[in-house]
Amino acid sequence: MTRPSLLDRYLFKQATYLLFITLIIGSGVYLMSELFDRLDNFIEAGIGLKLVLVYFCFKLPFIIAQILPAAFLLSVIIQLCLMARNRELLALQAGGISLWRIVAFFLLFGLLW
């Protein structure tokens, strides 16, 4: 088994960081909209805060499953835009690394998720 290159480790670290940030923000927005949609139902039923929190804890895996594809796509777009803005893509091309190498990393990363 070959050891991941420095480029792979850098891309993986940056991609997971951005993925978790977009996943947390997306989940937060989804939870807030869900809370405001169901707030009347919770108040009418007289449910306490503890039960509402339990409800959202059980709903969180479903929310993550719905948001994960969009969060992944958004994080990849953000990462590529940041790399282009910082001229990292240009430096990789000048160093002899093709863009297909970067694409292959993101495809493998997407398959893992």
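Among the residues of region 26-52, which ones are under 13 Å from the mean Cα position of the chain (by Cα) and in contact (Cβ under 8 Å) with a residue 12 or more places away in the chain?
G26, S27
Hey, any hits in region 36-51 for a residue that's surrounded by 15 or more Cβ atoms within 10 Å (Cβ to Cβ) and touching a Ser or Thr at 6+ places or on another chain (Cβ under 7 Å)?
no
Every residue, every condition in (1) more than 29 Å from P4 (Cα to Cα); (2) in contact (Cβ under 8 Å) with a residue 40 or more places away in the chain; (3) surrounded by 12 or more Cβ atoms within 10 Å (Cβ to Cβ), yes or no:
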| site | (1), (2), (3) |
| --- | --- |
| T16 | no, no, yes |
| L23 | no, yes, yes |
| V54 | yes, no, yes |
| L73 | no, no, yes |
| E88 | no, no, yes |
| L92 | no, yes, yes |
| I102 | no, yes, yes |
| F106 | no, yes, yes |
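Here, each number is a calculation from the coordinates, and none is a lab measurement. In this text the structure is predicted, and so the values were computed from the model without any measurement. FYI the Cβ positions are ideal-geometry reconstructions off the backbone, even for glycines, and counts take in every protein chain you see.
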